[in-house]
Amino acid sequence: MSAIILFTAVSIAQLMLAAAMAIAFVRMFRGPRAQDRIIGLDALYVNAMLLLVTFGIGTGRVIYFEAALVIGMLGFVATVALAKFLMRGEVIE
């Protein structure tokens, strides 16, 4: 009984995260300003990270959690670099 509930909850979460990724993808390409595009990219990598976590929960494999951790770290660094570029016009001083 609890396996069925877990499978259903993970499946619903994956569908909702896929829909959120589609919306973030649209924001990333249609954003009127560069700041909107960066926010769309930020939302896209967070949703991708959470989608990998739900895959890890569903399958029970550790590799998905490690991939989510790598995506989280790289996404944070990319967001900081893009924000610094928008503020100053350069990334490396």
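Overview of results
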read-out: Count - residues of segment 57-93 that are exposed (fewer than 12 other Cβ atoms within 10 Å of the Cβ) and in contact with a Ser or Thr (Cβ under 9 Å, 6 or more places away or on another chain); value: 0
read-out: Positions within segment 1-58 being charged (D, E, K, R) and under 19 Å from residue 77 (Cβ atoms), in sequence order; value: 37, 42
read-out: Unique residue being under 23 Å from residue 59 (Cβ atoms), at pLDDT below 95 and either out of contact with any Cys (no Cβ under 8 Å at 6 or more places or on another chain) or exposed (fewer than 13 other Cβ atoms within 10 Å of the Cβ) (or both) when the list is 29, 7; value: 7
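The values are calculated or read from the model by the stated rules, or taken from the named source; none is laboratory data. Note that the structure is predicted; figures quoted are calculated from it, not measured. Cβ sites come from the backbone with ideal geometry, for glycine too, and all protein chains shown count toward neighbours.
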